[in-house]
Number of protein chains: 6
Amino acid sequence: MKILVANVNTTQTMTDSIAAQARAVAAPDTEIVGITPRFGADSCEGNFESYLAAIAVMDSVVNYDGEFDAVVQAGYGEHGREGLQELLDVPVVDITEAAASTAMYLGHKYSVVTTLDRAVPLIEDRLKLAGLDDRCASVRASGMAVLELEEHPERAVEAIVRQAELAVTEDKAEVIVLGCGGMANLDEQIRERCGVPVVDGVAAAVLVAESLVRLGLSTSKVRTYAAPRPKTVIGWPITQGPVR
Amino acid sequence: MKILVANVNTTQTMTDSIAAQARAVAAPDTEIVGITPRFGADSCEGNFESYLAAIAVMDSVVNYDGEFDAVVQAGYGEHGREGLQELLDVPVVDITEAAASTAMYLGHKYSVVTTLDRAVPLIEDRLKLAGLDDRCASVRASGMAVLELEEHPERAVEAIVRQAELAVTEDKAEVIVLGCGGMANLDEQIRERCGVPVVDGVAAAVLVAESLVRLGLSTSKVRTYAAPRPKTVIGWPITQGPVR
Amino acid sequence: MKILVANVNTTQTMTDSIAAQARAVAAPDTEIVGITPRFGADSCEGNFESYLAAIAVMDSVVNYDGEFDAVVQAGYGEHGREGLQELLDVPVVDITEAAASTAMYLGHKYSVVTTLDRAVPLIEDRLKLAGLDDRCASVRASGMAVLELEEHPERAVEAIVRQAELAVTEDKAEVIVLGCGGMANLDEQIRERCGVPVVDGVAAAVLVAESLVRLGLSTSKVRTYAAPRPKTVIGWPITQGPVR
Amino acid sequence: MKILVANVNTTQTMTDSIAAQARAVAAPDTEIVGITPRFGADSCEGNFESYLAAIAVMDSVVNYDGEFDAVVQAGYGEHGREGLQELLDVPVVDITEAAASTAMYLGHKYSVVTTLDRAVPLIEDRLKLAGLDDRCASVRASGMAVLELEEHPERAVEAIVRQAELAVTEDKAEVIVLGCGGMANLDEQIRERCGVPVVDGVAAAVLVAESLVRLGLSTSKVRTYAAPRPKTVIGWPITQGPVR
Amino acid sequence: MKILVANVNTTQTMTDSIAAQARAVAAPDTEIVGITPRFGADSCEGNFESYLAAIAVMDSVVNYDGEFDAVVQAGYGEHGREGLQELLDVPVVDITEAAASTAMYLGHKYSVVTTLDRAVPLIEDRLKLAGLDDRCASVRASGMAVLELEEHPERAVEAIVRQAELAVTEDKAEVIVLGCGGMANLDEQIRERCGVPVVDGVAAAVLVAESLVRLGLSTSKVRTYAAPRPKTVIGWPITQGPVR
Amino acid sequence: MKILVANVNTTQTMTDSIAAQARAVAAPDTEIVGITPRFGADSCEGNFESYLAAIAVMDSVVNYDGEFDAVVQAGYGEHGREGLQELLDVPVVDITEAAASTAMYLGHKYSVVTTLDRAVPLIEDRLKLAGLDDRCASVRASGMAVLELEEHPERAVEAIVRQAELAVTEDKAEVIVLGCGGMANLDEQIRERCGVPVVDGVAAAVLVAESLVRLGLSTSKVRTYAAPRPKTVIGWPITQGPVR
């Protein structure tokens, strides 16, 4: 099967690292295609950038030239998943939700450790809407900006471990969710340091996507995620030409 | 003061009708400017269209050539308000929230009557995130598409009244909220027919916006709605040149 | 239009200060009438006093000799608003709710800073019933009694600022609500010191009341707030003779 | 021990019937004293009347000439219990809460059947504040006014049974709570007709009060229900002279 | 009347102490019978032990040779109460719920102080399912294992008092619930030290059970707690022969 | 990898059918072992039977002679999963939770269609504790007993389809979850008839279990699901000798 893993920002190295993380856990016969939006911010750390990314991801996916079996939206706490579900017949999996659902199999409460403090309310809102907040002990910010994760991986690990430890001791989390697509490759180190299971959203989402495809399940089309009604849509898609 | 009233779809006659409704309730010294997005759907009835509208409204507002004191986002249950709040220093008022807040001063429970059934979950989600759902008795669909409201105003009134009556008798609503910017001019008739207060979101939002400006209050910038961090944003704004 | 602003306690200087705050934000053609109950406590800081105030405010309002367009109940977290709504055809606005609703347009979460710790549960209960608690980060007590606010304004500012700062840094509030009618004139100083919007309930409520009147909206009479059924009521009103 | 059972309205026959119901379940060595407020409505069916009753009950209790071990407030869904708790050192039990708590020992969900539709939101609000609403399947109105219960007991039984049956079949209630002090003597008939346990609030509250006294437990005075602070309270109590 | 008080673990001295506490508060004509399960852990401090105890208590009760009027399940936060309700026609009272319900008559919020940290989520889950968590300020662990309570009563008091004080000052609890059947005899000391009412679950449950019996109320059999359907059950009861 | 799929009742044909359903979706290199408890009811339709099953499943699993990588508990809405998590180091997946989580990727709301009405509250409680109830539109009973599903598969399909249709039209479910392990092979027919995705818990749980194993994730042992403390446990396990 083929799964599109959509980065939400325009930083190609981040797409590459997300795709690599996806490939590391995918089944041998699963093809992972990383796609990068053609417009938007080089990192998403707020609502404006997240809304722009929502449209940019939809734009990339509808411009994608080829068949695919599922889409993973690889931004933590970002907007847009519902739009993709309307536009596509294949399953769409948001890493925010896949990570939370996965964590809930592993402990009584989980916490998310993310990048900047300003991203915390976005993540809290996404989990609330997804109905996955009830067992969320806390969403904590490491203070690292998205692009700093790649630049300063050691500092990132330290900052994330510190918050993960507080989540476990203060907030009574039993599982840690990495709240950023760019943290994908840090999970091993953090797991060792914190002594609790660590869930990376990209990895979790790829396995959810594979499972849905194998079960023959996809988005329900009877109400919320029915295809858009036929109507005049000016300027869509925003960009033209095949994304590969 | 000057208030931008942003239509979420590309139908100019709807912008005109929304602006007229806004002017009908605005203070004498308030200038109302209706703006129409330069891309997007001619009506918003789902997540894809709503996300596109979110970006299109932001695009229009940042391209607007002139000063203004507040923005009203005139789409019921639509995405995007949080992005505008980050981009602007002036207050931003979403008609979904203004109508609900206003209704809550008038009765123990309120119901929303909207257009199509598929819009109901979007509205429910917006109210939930806004923390205004606790006293919402129901969100009901009239079955009228957005553009049908203008084409068939009489049928629209009938369909809306029928659901409003059910909201009052079955769901125990004491106030009706009109769940679509395009229903602006129907409130009088529905009020007469249903015997309960009817709140139009555009009217409510204009008065909230005026009040915030008069009180010298605007969006808090300490966390969620801080201005976007300086970074590379490709392709933004989507369109160029002054919107007036 | 004419708005009655009802103090909940029997301290005339507090009525005067509340009325002055109301006049400072009211439209030029709005007449503000401060009324003081004829019985009850000189300050309300608990349930007994609050219940007594509820009846004393209703007693004053039904004894008021003249027409009016709306009533603002100017006690934070007090009982009684629902009773006034039954007795009157004009809109009734409680400063507790007006302040919370207003704060919710300005930030993701708000906190209330009030007087004594014992008032906190009353306020929490009022916000819960009003369905406005979901985005309330915290209700914090400054430790200042109601009458101390007038006697020691500088100490009051210090105590309130200290709690407001904790609300912002610890509880992640983005907006501060002043949780006492007697704090009306402190908002400017606190705003400057805390860097977040500060909402005074009296000011917020006057503008909500004006807005409802301008929109031609008033309390729904179909269920909860229908006029009392005709029956024998012994000893009502408690006092006799016109309140002016 | 001696328990004051406070009627919330001024109808003496109702006080008598409530006291009789209380005596029927009280322990042999428990003295039941029914008290009737000296002002207020002959029946409570709304917020104004309920707020007035709250003060009238407090007025009666503080004027009561003699010692007592507990107070039962015998109005369903009425205001005022918190005020009594501040004024007294002995336990105060509200029949609304005692009935709900008792019902929760008997089935997964319970429903309340009350008098008029307009009383429903008051009861819902009281249960919500008491934190006892989570397992409440519904609050249903029989359409019988309070005083009609005495006048037309047969019609009352029919009307209440009809709603109780709907509560069981439609709302999945497993226990019925009688939502009015004046329904005290109807419980047997309704139990027989509906096949589910029927809880009368007066009976439940008397046994809760006895239990608290036997356990040596009374209201916590550390915060919400601390005695009122010493201050000037004009016109209190409202009436003078011993209530017996 | 006769009440079976079922210990959840196999430690006979704990059964004795629980029965003694029950007798201390029971009415003179109430016979208390302590029963000890014939299999399971010597103390319950986790889900496995609690599930085993659930079955062991049911096994003891169905093997009990004689009539009885009610059962008290004397384990705090343990599984199994719903099963007993299906198997029996007499009322079943869980000390977890009886203590919480009793505490709610006494203050705005209560906290539970229990044994080990690992028991906290079990108690939280039980309170949540019982719909009694809304006014629970916190569940705190003293760090004392169940059997240490008997061995080191002085250290137990110190450890429990420390958490109770934190519950009052930090979590704003106004009442303390002792979250372990084995804490039964510590309530007096803790009450003195903390200045707030202290509720022991065994005592509370015995009085609830007596009250239900006196009111002629028992478990509803129309749905959730209907008797098991006739069917083949292999190996039940687990043990044979009369429990006395 | 090897996954134990534990039936909760003692009916061997049901174990076989569950195991067959598991094998139908498992990866080629996954070995599925169906296990049947050695005591308990031939079908679980209430709390007593469910509690007994909880212990019987734990008894089987600890008696299982051999290594395994994960356990699926294949009873819908049953007790016991938390106990298994304490006893084992490998992941434990409950079909109730796996089905709900899977359904949430596919639509805005899901409904469960189960067997008898008396099972509904158990399922609701399990979903509530799991924090997966927020997007559950309803739990509906088909009226078919567990063992009737095998005996009358055609009637079962009819009865389930009828409730599924009501869930979609009345309750606004967009996805149907089959709320019984014994419905495993009916999903295709129901999907065709209802036009919405249908999720079978056994299939969903097997893929979740495989995913957790592939991700190297298992139950957190830091708090709720830590291994039982060493202590005397009388009569455990209940049965002796290898389960294969």
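The values are calculated or read from the model by the stated rules, or taken from the named source; none is laboratory data. Predicted, not measured: the structure shown is a model, and the values here were computed from it. A quick note on method: Cβ atoms are made from the backbone with ideal geometry, for glycine too, and the neighbour counts reach across all protein chains shown. When the accessible area is computed, the model is the full protein with side chains, heavy atoms only, and any ligands, DNA or RNA have been set aside. Shrake-Rupley method; radii C 1.70, N 1.55, O 1.52, S 1.80 Å.
Remarks
- Residues that are closer than 26 Å to A:His152 by Cα and open to solvent by less than 40 Å² (accessible area, probe 1.4 Å), drawn from segment A:18-34: A:Ile18, A:Ala19, A:Gln21, A:Ala22, A:Val25, A:Gly34
- At least 3 residues being of a type in the set (Gly, Ala, Ser) is the threshold, and among the strands (runs of 3 or more DSSP E) wholly inside segment E:130-244 those reaching it are E:136-141.
- Scanning segment D:118-142 for residues that are within 17 Å of D:Gly182 (Cβ to Cβ), touching a strand residue (DSSP E or B) at 6+ places or on another chain (Cβ under 7 Å) and at the interface with another protein chain (Cβ under 9 Å from one of its Cβ atoms) gives a single hit, D:Val120.
- Test: F:Asn7 is within 14 Å of chain E (Cβ to nearest Cβ) and over 12 Å from the mean Cα position of the chain (by Cα): no
- Filter result for D:Val71 (outside any helix (DSSP H, G or I) and either touching a Pro at 6+ places or on another chain (Cβ under 9 Å) or under 28 Å from C:Pro230 (Cα atoms) (or both)): yes
- Selection within segment C:79-101: residues that are more than 8 Å from every other protein chain (Cβ to nearest Cβ) and assigned to a loop (DSSP other than H, G, I, E, B). The member of this set that is most open to solvent (accessible area, probe 1.4 Å) is C:Asp89.
- Subset of segment A:229-241 [among the small types (Gly, Ala, Ser) and more than 7 Å from every other protein chain (Cβ to nearest Cβ)]: A:Gly241
- Filter result for the condition that a residue is more than 19 Å from A:Tyr105 (Cβ to Cβ), among the charged types (D, E, K, R), touching a residue at least 24 places away in the same chain (Cβ under 8 Å) and open to solvent by 10 Å² or more (accessible area, probe 1.4 Å), over A:Arg162, A:Arg135, A:Arg155, A:Arg126: A:Arg126
- Leading residue by the ranking (surrounded by the fewest Cβ atoms within 10 Å (Cβ to Cβ)) among those in segment B:220-233 that are over 15 Å from B:Val90 (Cα atoms) and in contact with a strand residue (DSSP E or B) (Cβ under 6 Å, 6 or more places away or on another chain): B:Lys231
- For segment A:204-213, residues that are out of contact with any strand residue (DSSP E or B) (no Cβ under 8 Å at 6 or more places or on another chain) and either touching a residue at least 40 places away in the same chain (Cβ under 8 Å) or farther than 28 Å from A:Gly181 by Cα (or both) total 2.
- Qualifying residue in segment A:44-55 (condition: farther than 30 Å from B:Tyr225 by Cβ and either open to solvent by 10 Å² or more (accessible area, probe 1.4 Å) or outside the structural domain of A:Val90 (by the TED database) (or both)): no
- Pick from segment C:143-152, criterion open to solvent by less than 20 Å² (accessible area, probe 1.4 Å) and more than 8 Å from every other protein chain (Cβ to nearest Cβ), ranking: nearest to D:Glu124 (Cα to Cα): C:Val146
- Within segment F:22-40, restricting attention to residues that are within 16 Å of the chain's Cα centre (by Cα) and in a strand (DSSP E or B), the residue that is farthest from E:Tyr51 (Cα to Cα) is F:Ile32.
- Residue match in segment C:136-154 (condition: of a type in the set (S, T, N, Q) and closer than 27 Å to C:Thr30 by Cα): no
- Output for segment C:141-184, where each listed residue is of a type in the set (S, T, N, Q) and under 23 Å from B:Lys221 (Cα atoms): C:Gln163, C:Thr169
Residue-wise test of (1) more than 14 Å from chain F (Cβ to nearest Cβ); (2) closer than 28 Å to D:Ala226 by Cβ.
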{"position": "E:Ala167", "(1), (2)": "yes, yes"}
{"position": "E:Val175", "(1), (2)": "yes, yes"}
{"position": "E:Gly182", "(1), (2)": "yes, no"}
{"position": "E:Ala205", "(1), (2)": "yes, no"}
{"position": "E:Ala227", "(1), (2)": "no, no"}
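- Selection count where residues are over 19 Å from the mean Cα position of the chain (by Cα) and among the hydrophobic types (A, V, I, L, M, F, W, C), scope segment E:191-238: 11
- Residue in segment E:176-186 that is at pLDDT below 95, in the same structural domain as E:Val146 (by the TED database), open to solvent by 30 Å² or more (accessible area, probe 1.4 Å) and over 24 Å from D:Thr102 (Cβ atoms) present: yes
- Segment D:108-123, subset in a loop (DSSP other than H, G, I, E, B) and closer than 21 Å to D:Ile18 by Cβ, residue least open to solvent (accessible area, probe 1.4 Å): D:Thr115
- When C:Val146, C:Val157, C:Val168, C:Val175 are checked against the criterion of being β-branched (Val, Ile, Thr) and within 19 Å of A:Ser138 (Cα to Cα), C:Val168 stands alone in meeting it.
- Taking the criterion of being open to solvent by less than 10 Å² (accessible area, probe 1.4 Å) and either under 10 Å from the mean Cα position of the chain (by Cα) or charged (D, E, K, R) (or both), the residues of segment D:63-78 that qualify are D:Val72, D:Gln73, D:Ala74, D:Gly75, D:Gly77.
- Of the numbered criteria (1) buried (at least 24 other Cβ atoms within 10 Å of the Cβ); (2) in contact (Cβ under 8 Å) with a residue 60 or more places away in the chain, the one B:Asp171 fails is (1).
- Of all residues making up segment C:187-219, the number that are open to solvent by less than 10 Å² (accessible area, probe 1.4 Å) and in contact with a Lys or Arg (Cβ under 8 Å, 6 or more places away or on another chain): 2
- Of the residues making up segment E:209-244, those that are in contact with a Pro (Cβ under 8 Å, 6 or more places away or on another chain) and hydrophobic (A, V, I, L, M, F, W, C) are E:Ala209, E:Leu212, E:Val213, E:Leu217.
- Residue-level check: of (1) in the same structural domain as F:Ala54 (by the TED database); (2) touching a Ser or Thr at 6+ places or on another chain (Cβ under 6 Å), F:Ala209 misses just (2).
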